[in-house]
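A.B. asks: My questions all concern the structure below.
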Amino acid sequence: MGDTVALTRDLVQPHLQVVPRTAQETTRIAKAVAPTTDFSGAEPFETNSGGGATVRARDNADAFSLVSGNAPFERQLDFQLGNGLFTKIWVSSPSSTLASDGLGPLFNARSCQSCHLKDGRGHPPEGPDDSAVSIFLRVSVPVEGTEHMSAIESYLHALDPNTERTAPDPVYGGQLQDFGVQGHAAEYSFGVTYKETEIALSDGETASLRQPSYRAANLGYGPLAEGAMLSPRVAPQMIGLGLLEAIPAQDILALADPEDADGDGISGVAQVVWSHEYDRPMLGRFGHKAGQPTIRQQSASAFAGDIGISSTLFNTPAGDCTALQTKCRAAPDGSTGTDALTEINDEGLDFVTFYSRNLAVPERRDVDDPVVLRGKEVFYQTGCTSCHVPKFVTERLAEQPEQSFQLIWPYSDLLLHDMGEGLADKRPEGRANGREWRTAPLWGIGLTETVSGHSYFLHDGRARSLLEAVLWHGGEAANQRDAVIDMPAESRAALIRYLESL
């Protein structure tokens, strides 16, 4: 309780210009987001997953690339400018194209779009000849003791003295880059192998799960530090980010139950991260472990770590290169020979942020289909909504009409949950231990194959179908997983059909 009180006091929302809710609105919202008990038909507004920002569902790869449906015409130009920067191909320095140089020197991709192809989710390599461009390995090493704590480490230590500390690898930094510009060796080659395990389901059905084993091969700068921990991360889909950013922090914190005080077997831990923009702790919302507080910081972090592009939030021109990578640090960068202090300026970062904030959520399909409704009932009665919380109402925002006061259906509580040993990366990150992951939003998940041409799910794309993704759930969700294994095949099929409609 004390933990929640402290977080509610401390985790303000300086990134939002909030118009406070009235008492009448608060009452009306509580009624609107209450879980349904009627599965005979669709709920009011259930088709509009993104509230007024929802767009018509396309049956092609552009389904995730549309601007918020309620965006004023004059703001759509900003969206297009942001899209231009999102798809921009960066080149190495020095270059005659001064507006586009600064790549690397070490990098994972040349553009945002390379990983988030068509604004959808990435995937692991589909074979030895396939690219690993939309997946990489984060790396960190354990830190013992309490000396030289950063501001966020001190804050987390005050909340819980047992919070595990980590630091980037002293040579390779916080993530491994598998490309280098000319004259710079790549840091590694991404490697993964799988071991298949058959799972027996009720009614004679079976499924097969592939257990990945990751390796960092062909290390270009010597061995990793002793105790180095690797965590695979596939690029997530981009839709609805602005709406997630506009969910009131207190509504997310109200769902947290880190000690499982209510005894339902579900905890839920709020991630707390450092805001480089506001110089204070903030609620983590974005990333597989909720490691970033805002879309702007998430974007700036990806520019720095994935592409090697500096901004005012992460102003090192060599990106993730460490002090021990002296050649990388000394290489020309995108601001060399110019008056620019960073390789993307604040205006450009703001355009990319606006674009990412306004990628619209497509409408639901088949909400009144009897099988979908049956699957929805299974979803609720199995307890999936304990973490995949269906509904929120966003803050009323003076300067963001697209995200302001919308009833949305993301199917996530944005909290960290223990997902069991099978999904554990054994790499702590902030308040997340090595078994905890942020609840992934489910909106748009049924359009993954339409947009991205594959059906790979979870943080590393190991699941090849929605059923496999469900069966990988463990830890706090083990009871729900086992219920899916044991339920009649008809109910299981209806559950998957429901997920496909999201």
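The values are calculated or read from the model by the stated rules, or taken from the named source; none is laboratory data. Note that the structure is predicted; figures quoted are calculated from it, not measured. Positions of Cβ are backbone-derived with ideal geometry, glycine not excepted, and every protein chain shown enters the neighbour counts. These area figures cover heavy atoms from the full protein model, side chains too; ligands, DNA and RNA do not enter into them. Shrake-Rupley method; radii C 1.70, N 1.55, O 1.52, S 1.80 Å.
A.B. asks: Please state which one of A249, A290, A331 is open to solvent by less than 30 Å² (accessible area, probe 1.4 Å), touching a residue at least 40 places away in the same chain (Cβ under 8 Å) and more than 22 Å from L156 (Cβ to Cβ).
C.D. replies: Numbers: A249 fails: more than 22 Å from L156 (Cβ to Cβ); A290 fails: more than 22 Å from L156 (Cβ to Cβ).
Answer to the selection: A331.
A.B. asks: Please determine, by comparing only the residues of the range 293-321 that are open to solvent by less than 10 Å² (accessible area, probe 1.4 Å), among the hydrophobic types (A, V, I, L, M, F, W, C) and outside any loop (DSSP other than H, G, I, E, B), which one is farthest from G383 (Cα to Cα).
C.D. replies: I307
A.B. asks: Tell me whether the range 356-364 contains one or more residues that are within 15 Å of the chain's Cα centre (by Cα), surrounded by 22 or more Cβ atoms within 10 Å (Cβ to Cβ) and within 30 Å of E153 (Cβ to Cβ).
C.D. replies: yes
A.B. asks: Within the range 129-163, can you find the residues that are over 17 Å from G287 (Cβ atoms) and assigned to a strand (DSSP E or B)? Full working, then the answer.
C.D. replies: In the first step, residues of the range 129-163 are kept if they are over 17 Å from G287 (Cβ atoms); the result is 129-133, 141-151, 153-155, 157-163.
Correct list: V141, P142, V143.
A.B. asks: Select from the range 195-210 the residues that are in contact with a strand residue (DSSP E or B) (Cβ under 8 Å, 6 or more places away or on another chain) and surrounded by 13 or more Cβ atoms within 10 Å (Cβ to Cβ) and write down the one among them that is nearest to R138 (Cα to Cα). Can you show your working first?
C.D. replies: Narrowing the range 195-210 to residues in contact with a strand residue (DSSP E or B) (Cβ under 8 Å, 6 or more places away or on another chain): 195-201, 206-210.
Now narrow it down to the ones that are surrounded by 13 or more Cβ atoms within 10 Å (Cβ to Cβ): 199, 201, 207, 209-210.
Values: I199: 30, L201: 34, A207: 30, L209: 23, R210: 21 Å.
Ranking the candidates gives R210 first.
A.B. asks: Also, I was wondering about something else. Would you check if there is a residue in the range 469-479 being outside any loop (DSSP other than H, G, I, E, B), in contact with a helix residue (DSSP H, G or I) (Cβ under 7 Å, 6 or more places away or on another chain) and more than 21 Å from V389 (Cβ to Cβ)?
C.D. replies: So in the range 469-479, the residues outside any loop (DSSP other than H, G, I, E, B) come out as 469-471, 475-479.
With the extra rule that they be in contact with a helix residue (DSSP H, G or I) (Cβ under 7 Å, 6 or more places away or on another chain), the set shrinks to 470-471.
This time we only want the ones that are more than 21 Å from V389 (Cβ to Cβ), so: 471.
Yes, there is a match, as at least one residue in the range 469-479 is outside any loop (DSSP other than H, G, I, E, B), in contact with a helix residue (DSSP H, G or I) (Cβ under 7 Å, 6 or more places away or on another chain) and more than 21 Å from V389 (Cβ to Cβ).
A.B. asks: Taking A440, is it touching a residue at least 60 places away in the same chain (Cβ under 8 Å) and within 16 Å of the chain's Cα centre (by Cα)?
C.D. replies: Working: touching a residue at least 60 places away in the same chain (Cβ under 8 Å): yes; within 16 Å of the chain's Cα centre (by Cα): yes.
Taking the combined requirement at face value, the residue satisfies it.
A.B. asks: Any residue in the range 344-364 that's under 12 Å from S311 (Cβ atoms) and assigned to a helix (DSSP H, G or I): show its pairings with residues that are open to solvent by 40 Å² or more (accessible area, probe 1.4 Å) and of a type in the set (V, I, T) at Cβ separation under 7 Å, as long as the two are six or more apart or on different chains.
C.D. replies: Matching pairs, first to second residue: D346/T312.
Yes/no per residue for (1) of a type in the set (S, T, Y); (2) without any contact (Cβ under 8 Å) to a residue 60 or more places away in the chain; (3) out of contact with any Phe, Trp or Tyr (no Cβ under 9 Å at 6 or more places or on another chain):
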| site | (1), (2), (3) |
| --- | --- |
| Q182 | no, no, yes |
| G191 | no, yes, no |
| Q211 | no, no, no |
| A217 | no, yes, no |
| G220 | no, yes, no |
| E226 | no, no, yes |
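A.B. asks: Let me ask something else. Just to verify a result, which residue in the range 160-169, among those that are of a type outside the set (S, T, Y) and within 24 Å of the chain's Cα centre (by Cα), is most open to solvent (accessible area, probe 1.4 Å)?
C.D. replies: So in the range 160-169, the residues of a type outside the set (S, T, Y) come out as 160-162, 164-165, 167-169.
Next, from what is left, pick out any that are within 24 Å of the chain's Cα centre (by Cα): 164-165, 167-169.
Values: E164: 106, R165: 31, A167: 31, P168: 79, D169: 3 Å².
Within the range 160-169, the match that is most open to solvent (accessible area, probe 1.4 Å) is E164.
A.B. asks: Give the range 235-267 a look and list any residue that's aliphatic (A, V, I, L, M), assigned to a loop (DSSP other than H, G, I, E, B) and touching a strand residue (DSSP E or B) at 6+ places or on another chain (Cβ under 9 Å), or say none.
C.D. replies: Narrowing the range 235-267 to residues aliphatic (A, V, I, L, M): 235, 238-239, 241, 243-244, 246-247, 249, 252-256, 261, 266.
Adding the requirement that they be assigned to a loop (DSSP other than H, G, I, E, B) leaves 235, 238-239, 246-247, 254-256, 261, 266.
Residues satisfying the conditions are A235, M238, I239, A246, I247, A256, I266.
A.B. asks: Determine whether the range 488-501 contains at least one residue that is part of a loop (DSSP other than H, G, I, E, B), within 30 Å of V55 (Cα to Cα) and open to solvent by less than 10 Å² (accessible area, probe 1.4 Å).
C.D. replies: Going through the range 488-501, the residues part of a loop (DSSP other than H, G, I, E, B) turn out to be 488, 501.
Right, trim to within 30 Å of V55 (Cα to Cα) and you get 501.
From what's left, open to solvent by less than 10 Å² (accessible area, probe 1.4 Å): 501.
Yes.
A.B. asks: I'd like to know if the range 428-436 contains one or more residues that are among the hydrophobic types (A, V, I, L, M, F, W, C) and outside any strand (DSSP E or B).
C.D. replies: Initial filter on the range 428-436 (among the hydrophobic types (A, V, I, L, M, F, W, C)): 432.
Cutting the leftovers down to outside any strand (DSSP E or B) gives us none.
Checked against the condition, which is being among the hydrophobic types (A, V, I, L, M, F, W, C) and outside any strand (DSSP E or B), the range 428-436 yields no hits at all.
A.B. asks: Right, next: Step by step: first the residues of the range 365-398, then only those that are more than 24 Å from A30 (Cβ to Cβ) and open to solvent by 40 Å² or more (accessible area, probe 1.4 Å), then the one that is nearest to the chain's Cα centre (by Cα). Which residue is that?
C.D. replies: Among those that are more than 24 Å from A30 (Cβ to Cβ) and open to solvent by 40 Å² or more (accessible area, probe 1.4 Å), it is R365.
A.B. asks: Sticking with this structure for a sec: Being outside any helix (DSSP H, G or I) and open to solvent by less than 30 Å² (accessible area, probe 1.4 Å) is the filter; apply it to the range 68-89 and report the residue that is nearest to D366 (Cα to Cα). Even if it seems obvious, please write down each step before you answer.
C.D. replies: Within the range 68-89, the first condition is being outside any helix (DSSP H, G or I), and the residues that meet it are 68-72, 88-89.
Those still in the list that are open to solvent by less than 30 Å² (accessible area, probe 1.4 Å) too: 68, 71.
On the way: S68: 22, A71: 26 Å.
Ranking the candidates gives S68 first.
A.B. asks: May I ask you to list the residues in the range 90-128 that are under 22 Å from P441 (Cβ atoms) and either in a helix (DSSP H, G or I) or open to solvent by 60 Å² or more (accessible area, probe 1.4 Å) (or both)? Quick ask: steps written out before the conclusion?
C.D. replies: Here is the first cut: in the range 90-128, the ones under 22 Å from P441 (Cβ atoms) are 112-113, 115-124.
Within the range 90-128, C112, Q113, C115, L117, K118, D119 meet the criteria.
A.B. asks: Now, a different point. Within the range 376-388, can one find any residue that is among the hydroxyl-bearing types (S, T, Y), in a loop (DSSP other than H, G, I, E, B), in contact (Cβ under 8 Å) with a residue 40 or more places away in the chain and touching a helix residue (DSSP H, G or I) at 6+ places or on another chain (Cβ under 8 Å)?
C.D. replies: From the range 376-388, those among the hydroxyl-bearing types (S, T, Y) are 380, 382, 385-386; that's our starting set.
Within this subset, residues satisfying the condition of being in a loop (DSSP other than H, G, I, E, B) are none.
No, because not a single residue in the range 376-388 is among the hydroxyl-bearing types (S, T, Y), in a loop (DSSP other than H, G, I, E, B), in contact (Cβ under 8 Å) with a residue 40 or more places away in the chain and touching a helix residue (DSSP H, G or I) at 6+ places or on another chain (Cβ under 8 Å).
A.B. asks: Could you list all residues from the range 258-287 that are charged (D, E, K, R) and open to solvent by 20 Å² or more (accessible area, probe 1.4 Å)?
C.D. replies: Going through the range 258-287, the residues charged (D, E, K, R) turn out to be 259-260, 262, 264, 277, 279-280, 285.
Matches in the range 258-287: E259, D260, D262, D264, E277, D279, R280.
A.B. asks: Only one residue in L414, L407, L423, L397 is without any contact (Cβ under 8 Å) to a residue 60 or more places away in the chain and among the aliphatic types (A, V, I, L, M). Which one? Write out each step before concluding.
C.D. replies: Working: L414 fails: without any contact (Cβ under 8 Å) to a residue 60 or more places away in the chain; L407 fails: without any contact (Cβ under 8 Å) to a residue 60 or more places away in the chain; L397 fails: without any contact (Cβ under 8 Å) to a residue 60 or more places away in the chain.
The match here is L423.
A.B. asks: Filter the range 1-31 for residues that are within 25 Å of A261 (Cβ to Cβ) and β-branched (V, I, T); which is least open to solvent (accessible area, probe 1.4 Å)?
C.D. replies: Among those that are within 25 Å of A261 (Cβ to Cβ) and β-branched (V, I, T), it is I29.
A.B. asks: Name the pairs whose Cβ atoms lie under 8 Å apart, with the first residue in the range 62-73 and more than 14 Å from G50 (Cβ to Cβ), the second open to solvent by 40 Å² or more (accessible area, probe 1.4 Å) and assigned to a loop (DSSP other than H, G, I, E, B), and 6 or more positions between them or separate chains?
C.D. replies: The qualifying pairs are P72/P401.
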